[in-house]
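Below: one structure, written as structure tokens.
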Amino acid sequence: MPVFNTVNAIDYGLIALYFGIVIWVGFYSAKKNKDTDDYFKGGGQIPWFLAGVSNWVSGFSAFMFVAAAGFTYKNGAGAAVVFTTACWAYLVGYFVFAPMWRRARLSSPLQFLTRRYSPSTTYFYSVTAIIPQVIGIGQGLYILCIFVSTALGFGGREFHVIGFTLSGLQLTMLVTGAVMILYTVVGGLWAAVLSDAVQGVIIAVMTLIIFPVAFLHLGQGGGIGAGFARLVHEAPAGFLGINGPAANPWWMLGYVVNVMLGYNVAWWQVQRYQSVPDERGARKMALLCAGLSAIGPLLWILPVMAARVLFPDIGALWPAFKAPEEASFVSLALLLLPHGMIGFVVAAILSATLGQANDSFNWLAATVTRDVYVPLRQRAGRAETSERHQLVVAQITMLIVGVLGVAVAFYIPRFGGAFSFALNYYSIVGPGFMMPVALGLLYRKTPWWSGIASCLAAFATVFTLIALEAWPDQAMPRNVLSAAGAATLVFFLSTFWYRADDPRSAEAQKLETDLREPVPVETNVATGGSLQVYGVIGTICLVLGGVLVACWLVPGTPIAPAGINAIAGALLLALGFGLRKFARR
């Protein structure tokens with residue numbers, strides 16, 4: 001039975017330091033928000049590299065280290081095929097969607113629906129998307145807190161707080177949710193981008209450490225090569241081949257369609273493309289994300305494959321978990337990393353999920369404020385809404401959505417493992433909402449009601465098949481492919497009712513003109529204030545690196561020597577000095 005390191009005061013201190021940095025980032029970012037354009041899309045002045053790192057980090061969150069780790073532990077090498085599909089989605093974005101989204105010239109993501117279809121379509125999406133987004137935030141928070149409460153060692157304990165009895169998992173969700181709400185409400189998109197960049201740094205250092213350490217331990221003194229050899233010889237039969245869901249062509253087709261939509265037309269993705277100065281920057285951002293999505297997942301998948309050999313009966317290690325395989329990555333961290341780095345890993349997972357939640361908050365607040373509240377107020381004959389008024393409305397919207405998301409997180413455990421819940425949930429709600437967006441961006445000659453009609457057709461088809469219990473063994477591909485097919489059919493059938501001379505088609509025709517007109521390249525936008533953020537990130541790296549180097553003095557174990565802290569700290573210090581030098585130049 002392996003002996004895990006439990007989180008101690010040093011790890012708690014590093015986690016608290018990270019929380020403090022995240023909150024400080026929110027207040028620092030607030031200074032950049034002179035108006036709602038800054039709050040919702042960074043004024044279109046965010047450097048492409050920073051936006052790309054932020055976009056990539058926001059795409060996976062704690063899902064990769066919990067739910068995807070569980071999938072990898074059970075299915076082996078097929079996970080590499082599944083979780084690198086984002087690379088191909090981003091390449092499609094590079095050639096097709098990135099320039100088109102930047103040319104759409106939007107002030108908020110759902111403004112696209114108003115321009116392409118009608119204000120009614122925007123209202124329809126705004127109202128119907130709120131509940132799925134709240135559930136999505138709750139699901140992300142729940143997955144995150146499985147990891148954090150396990151790493152902290154009190155997932156199964158009970159705590160008495162103000163007359164309520166809470167489990168360690170529930171208390172973790174409350175505290176983490178409070179921090180998430182605070183910094184997103186205050187900082188807007190600049191807070192998301194800056195915190196995402198810090199997350200990218202933390203995750204990069206963490207994976208560069210845990211990957212070789214896992215295989216060195218697996219090699220039992222024979223080196224990394226011996227670790228790989230042991231994995232080959234001791235892995236279960238079929239573990240190193242394509243098996244499980246990855247071997248099912250229908251499952252893979254449904255998953256690829258979902259990924260293509262999610263990484264090209266999801267609203268958080270649209271918002272990132274709008275945050276950079278021009279379409280060249282948007283394409284560079286997509287290409288950067290494609291490269292990171294091809295390499296990054298392998299650095300997490302391979303150590304979890306090693307965990308299958310190190311922990312062959314992981315259910316005995318975590319008997320209280322409904323899906324104990326989802327603790328495989330955190331088990332590696334608790335076994336192989338010293339105090340200091342353990343806190344660092346917890347901070348990394350915290351940072352990734354907080355960034356993803358911030359994206360959901362931001363686009364939803366932008367939509368409710370700009371596309372629903374302001375137009376309705378104007379129709380009611382009220383005075384013009386000031387920028388300050390809109391900021392307050394957006395912040396109140398974020399607060400309400402955040403509180404509801406925390407409440408939903410308490411109910412997620414009733415639905416089983418995190419991976420199966422996430423996959424089935426997004427297969428139901430994702431394609432129905434996103435297919436009309438993708439189709440409407442690529443083809444503009446349909447009537448104003450075609451977006452609503454194709455969306456309703458997708459959901460009607462999916463829920464009918466669910467009610468009939470059709471193909472229950474293929475639930476995910478059934479949901480995705482039927483929704484995509486129904487939406488596409490209705491969308492193109494609606495072309496028979498398209499009239500170019502209809503006044504309601506005028507805005508779509510203007511959009512088509514914009515999509516043919518490249519956004520001028522602005523050569524001097526990413527200077528001064530925009531590039532200063534690299535210096536801010538560099539300073540944060542120096543602080544975290546200095547703390548980790550100091551943790552070298554903390555006693556380690558033969559399996560987890562304290563020198564690992566020094567190596568990670570040195571990497572952060574080097575990166576911090578490099579970023580500060582770049583910002584000065």
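The values are calculated or read from the model by the stated rules, or taken from the named source; none is laboratory data. The shown structure was predicted, so the numbers you read here are calculated from the model rather than taken from an experiment. With ideal geometry, Cβ positions are generated from the backbone for all residues, glycine too; neighbour counts draw on all protein chains shown.
Screening residue 102 against (1) surrounded by fewer than 23 Cβ atoms within 10 Å (Cβ to Cβ); (2) out of contact with any Ser or Thr (no Cβ under 9 Å at 6 or more places or on another chain) leaves a single unmet condition, (1).
Is it the case that some residue within region 167-179 is touching a His at 6+ places or on another chain (Cβ under 9 Å) and either outside any helix (DSSP H, G or I) or at pLDDT 90 or above (or both)? Checked region 167-179: no residue is touching a His at 6+ places or on another chain (Cβ under 9 Å) and either outside any helix (DSSP H, G or I) or at pLDDT 90 or above (or both). Is there a residue in region 27-41 that is outside any loop (DSSP other than H, G, I, E, B), touching a helix residue (DSSP H, G or I) at 6+ places or on another chain (Cβ under 9 Å), modelled with pLDDT of 70 or more and assigned by TED's automatic domain parsing to the domain that holds residue 235? Within region 27-41 (the criterion being outside any loop (DSSP other than H, G, I, E, B), touching a helix residue (DSSP H, G or I) at 6+ places or on another chain (Cβ under 9 Å), modelled with pLDDT of 70 or more and assigned by TED's automatic domain parsing to the domain that holds residue 235), the answer is yes, since at least one residue qualifies.
Pairs only if they're at least six apart or on different chains, beta carbon under 9 angstrom, first in region 444-457 and more than 10 Å from residue 113 (Cβ to Cβ) and without any contact (Cβ under 8 Å) to a residue 40 or more places away in the chain, second buried (at least 20 other Cβ atoms within 10 Å of the Cβ) and not acidic (Asp, Glu); list them, first residue then second. Cβ pairs passing all conditions: 456/432; 456/490; 457/432; 457/483; 457/486; 457/487; 457/490; 457/491.
With respect to (1) buried (at least 18 other Cβ atoms within 10 Å of the Cβ); (2) at pLDDT 95 or above, the lone exception for residue 489 is condition (1). Of the numbered criteria (1) farther than 23 Å from residue 64 by Cβ; (2) at pLDDT below 90; (3) crowded, with 18+ Cβ neighbours inside 10 Å, the one residue 282 fails is (2). All of (1) buried (at least 24 other Cβ atoms within 10 Å of the Cβ); (2) over 21 Å from the mean Cα position of the chain (by Cα); (3) modelled with pLDDT under 95; (4) of a type outside the set (Gly, Ala, Ser) hold for residue 109 with one exception: (2).
Residues in region 297-322 that are small (Gly, Ala, Ser) and either surrounded by fewer than 21 Cβ atoms within 10 Å (Cβ to Cβ) or not assigned by TED's automatic domain parsing to the domain that holds residue 57 (or both): 315, 316, 320.
Residue by residue, here is whether (1) within 20 Å of residue 83 (Cβ to Cβ); (2) among the aliphatic types (A, V, I, L, M); (3) assigned by TED's automatic domain parsing to the domain that holds residue 196 holds:
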residue	(1), (2), (3)
236	yes, no, yes
253	yes, yes, yes
256	yes, yes, yes
268	yes, no, yes
275	no, no, yes
279	no, no, yes
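On the given criteria, is residue 460 among the hydrophobic types (A, V, I, L, M, F, W, C), in a helix (DSSP H, G or I), surrounded by 16 or more Cβ atoms within 10 Å (Cβ to Cβ) and touching a helix residue (DSSP H, G or I) at 6+ places or on another chain (Cβ under 8 Å)? Answer is no for this residue.
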